[in-house]
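Please treat every number below as a calculation from the coordinates, not as lab data. Keep in mind the model is a prediction, meaning the values are calculated, not measured. Positions of Cβ are backbone-derived with ideal geometry, glycine not excepted, and every protein chain shown enters the neighbour counts.
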Amino acid sequence: MKDKLIIFDTTLRDGEQSPGASMTRDEKVRIAKALERMRVDVIEAGFPAASQGDFEAVQAVADAIKDSTVCGLARALDKDIDRAGEALKGAQSSRIHTFIATSPIHMQKKLNMTPDQVIDYAVRAVKRARQYTDNVEFSPEDAGRSEEDFLCRILEAVIDAGARTLNIPDTVGYSMPQQFGATIANLIQRIPNSDKAIFSVHCHNDLGLAVANSLSAVMNGARQVECTINGLGERAGNASLEEVVMAVRTRQDFFPCDSGLDTREIVTCSKLVSSITGFPVQPNKAIVGANAFAHESGIHQDGVLKNRETYEIMLAEDVGWTTNRMVLGKHSGRNAFKTRMAELGVEFAGEAELNDAFYRFKQLADKKHEIFDEDLQALISEQSFEAEDEHIKLVSLKVCSETGEVPNATVTIWIDGKELTGSAHGGGSVDASLKAIESLVQTGATLALYSVNNITTGTDAQGEVTVRLEKAGRIVNGSGADTDIVIASAKAYINAVNKLQSPDKRQHPQKGEV
């Protein structure tokens, strides 16, 4: 039998550290349930000590997930570890992931600590974490630039202290695949008690090598890979879960291990994360991009028609691109709607919430002939935020745009029980609409990003707009969907304003990142 490759997903923790990718507690739970359906082994739900909001999100995920291990990140500090332990109390299976920097530049310039002090902190942290769970993971931050002799010393010590997973992070994406693989092999060989722990890797994509480094590590003995959906993450992102999993699954002739994931859930999970974070997936993205299984070249098309294996090394169906599903439209009933939502992992708190969602579905069905899963996910994302944080709501929008005239927009919004109306001119319909809204809410924020993507295909497709606002160093992401792109833009802007005016619960005070 082949070895088990453990998949550790950190979309909810490291992925959330992408500027503008912050998720609400309910959104984290939705993604966690999608990961659980995909049979992800470990879900890193967040950094409980970062903020009250992150603590509550980890707690909610721990309470909701039954089949996957739920993990919380903690610096090698007593207060962080205690906070993580408290947040994970409700988990069926829990893990505490603690870390401290080990590279010379981090120890000297950031921590102002000697190597011996770093080892002492690491050992003490692992021992304290063991008071809450036997499942403790330790990471030497910036291991890719750490001295191998020192890594051997500290890893041997934390294994003796009770760590059972050793994660070797390439924190700044500096390593090369051959070099990184050799490092993993050397550590396993040189550390006397290495057989008592599973070796893991956490690679960043600064040089576009996160997946390559992760796979090299697997070939050299690593049996856990830390990754994110769509490669989401700070800076250039993390190793992409779908690419790692499908590389190992597709090349079983090459890899001595395999994951236990249900890969048919990959595309659904990818689209959910993209919808919630507002980070679109590029069309040529491997596995989950819209063009990943598309063929335009006549030679390629001819080959695929004769035998799919001529140009396809895996089946689109195996990652979830084609599924037998019920078609929903304006004639669909509540039961069909509720059943499909359950299949997508959406559970309603009660009849009122179901009725509200079904009403929105019917409104959308009057505009579109066929409702796709992506439409349903966008609908629920919009509903969940409104239930939690909606202080401002779009009431009506009127836009006048004609050739030779300056576009004008008149908008009416609801702000904490009062209706306000404002107008503005702009360079286009969207510009005028957003300026009209800003004239009423007066946030003074800078529009850092505006992007539009179609949720599905066809001229009646919903457009999904992402708006990113920045004010005083705080960045928020807003999204809105509608068959009318101008209305979608207004919804997205208001969504972002609502987040900007709500308490900031998701700041990350880490001195270092894994």
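Can you classify the stretch 1-128 as rounded, prolate or oblate using the Cα gyration tensor, where a ≥ b ≥ c are the square roots of its eigenvalues, rounded means a/c under 1.5, and otherwise it's prolate if a/b beats b/c and oblate if not? Please list the in-between numbers first.
On the way: a/c = 1.83, a/b = 1.56, b/c = 1.17.
Here the stretch 1-128 falls in the prolate category.
Could you give the angle, 0 to 90 degrees to the nearest 10, between helix 429-441's Cα long axis and the longest principal axis of the Cα atoms of the chain? For 429-441 against the chain, the angle is about 80 degrees. Along the axis of the charge dipole computed for the chain (Cβ charges of +1 for Lys and Arg, -1 for Asp and Glu, origin at the Cα centre), the listed residues PHE279, THR171, GLY53 are led at the positive end by GLY53. When its C-alpha radius of gyration is set against 2.2 N^0.38 Å (N residues), the stretch 334-386 gives a value of 1.02.
Using just the Cα positions, wrap the stretch 189-242 in a convex hull and report its mean projected area in square nanometres, one decimal place.
Working: hull surface 16.3 nm².
Computing the convex hull of the Cα atoms and averaging its projections yields 4.1 nm².
Which translational diffusion coefficient, to the nearest whole µm²/s, is obtained for the stretch 390-501 from the Stokes-Einstein equation, given a Kirkwood hydrodynamic radius over C-alpha pairs, 20 °C and 1.002 mPa s? Once the numbers are plugged in, D ends up at 152 µm²/s. Take 460-471, 133-144 and order them by the average number of nearby Cβ atoms within 10 Å per residue, most first; the result is 133-144, 460-471. Backbone geometry of the stretch 82-88 corresponds, through the Karplus equation with coefficients 6.51, -1.76 and 1.60 at θ = phi - 60°, to 3J(HN,Hα) couplings of 5, 5, 5, x, 5, 5, 8 Hz, x marking Gly and Pro. When +1 charges are put on Lys and Arg Cβ atoms and -1 charges on Asp and Glu Cβ atoms, the dipole computed for the chain relative to its Cα centre reaches about 540 debye. Residue by residue, the stretch 105-111 carries 3J(HN,Hα) couplings of 5, 6, 5, 7, 8, 9, 8 Hz when phi is fed to the Karplus relation 6.51 cos²θ - 1.76 cosθ + 1.60 (θ = phi - 60°); x denotes Gly or Pro. Subtracting the Cα-Cα distance of THR114 and ARG251 from their residue separation scaled by 0.36 nm leaves 44.9 nm.
Extents of the stretch 139-181, largest first, come to 30, 18, 16 Å (Cα atoms, principal axes, whole angstrom).
With kT/(6 pi eta Rh) evaluated at 25 °C and eta = 0.890 mPa s, and Rh the Kirkwood radius from Cα pairs, the stretch 3-277 diffuses with a coefficient of 135 µm²/s according to Stokes-Einstein.
Per 0.36 nm of contour for each residue apart, how much would the distance between GLN179 and GLU86 grow if the chain were fully extended, relative to their Cα-Cα spacing?
Numbers: separation 93, 0.36 × 93 = 33.48 nm, distance 3.89 nm.
That works out to 29.6 nm of additional length.
Relative protection proxy for 345-353, 185-193, from highest mean packing down: 185-193, 345-353 (other beta-carbon atoms within 10 angstrom). Overall dimensions of the chain, expressed as equivalent-ellipsoid semi-axes from the Cα gyration tensor (√(5λ), whole Å, largest first), are 41, 28, 21.
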